[in-house]
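The values are calculated or read from the model by the stated rules, or taken from the named source; none is laboratory data. Note that the coordinates shown come from a computational prediction; the quantities given were computed from them, not determined experimentally. Every residue, glycine among them, receives a Cβ derived from its backbone with ideal geometry; neighbour counts consider all protein chains shown.
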Amino acid sequence: MTPSRRALGAVGCVAEVRVNQELPDGRSNIVVVGGSRFRVSHLLEESQPYLVAMVQTFEDEAGTQPSMEESASLRHLAVQYFAGLRELNDEPPDEVVLPEDSLALTFHVAGSIACDLGIKQRLMEERSTARRLRALLLLLPVLTRSLEKGITVHRQAHSNGKGGSMPDLLSSS
């Protein structure tokens, strides 16, 4: 088995391609939406340019819903985090629309945060909605603090590092 195949995780999700933008150099920008999760039973030896496997889909365990208070806390933290991301990326403020359902909420937040891929993998593998939500409740404040530090630097950079605005060098005097 090649090293790249050994590094694969045993759990993944179906990805529905929503946008495929071909680039001049042959690469593509692809936007996908995650679907059903699956566990790889075994890889098939195929001569395709992509991996082919036998998989078994799975859902979260029944009875693992978080409390309404926990879901509300996650919504609050997610709104703060996404607002920070928008500011850091110089995007105008916008109302954050989050799913009402706790299960969908946890996957939406987990899929949208900027963090280590190993953490994202563990969140996807988690079969308890409540445990996934609680992990996000611990993770989001850490990520938000990191964003806030980046925003502080970003604001200073926009102010020429001195707290004032940058001179308009292109205006005619």
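A few notes on this one:
- Residues of the stretch 20-36 that turn out to be surrounded by 10 or more Cβ atoms within 10 Å (Cβ to Cβ) and either over 23 Å from Gln121 (Cα atoms) or not hydroxyl-bearing (Ser, Thr, Tyr) (or both), as a count: 9
- Residue under evaluation Arg127, criteria (1) in contact with a helix residue (DSSP H, G or I) (Cβ under 9 Å, 6 or more places away or on another chain); (2) not in a helix (DSSP H, G or I), criterion not met: (1)
- Counted residues, the stretch 97-118 - those being part of a loop (DSSP other than H, G, I, E, B) and either under 11 Å from Leu136 (Cβ atoms) or in contact with a strand residue (DSSP E or B) (Cβ under 6 Å, 6 or more places away or on another chain) (or both): 2
- Lone unmet requirement of (1) among the acidic types (Asp, Glu); (2) at pLDDT 95 or above; (3) closer than 27 Å to Val11 by Cα for Glu69: (3)
- When Leu77, Leu51 are screened for being of a type outside the set (S, T, N, Q), within 22 Å of Gln121 (Cβ to Cβ) and touching a residue at least 60 places away in the same chain (Cβ under 8 Å), only Leu77 passes.
- Residue within the stretch 67-85 that is part of a loop (DSSP other than H, G, I, E, B) and surrounded by 10 or more Cβ atoms within 10 Å (Cβ to Cβ) present: yes
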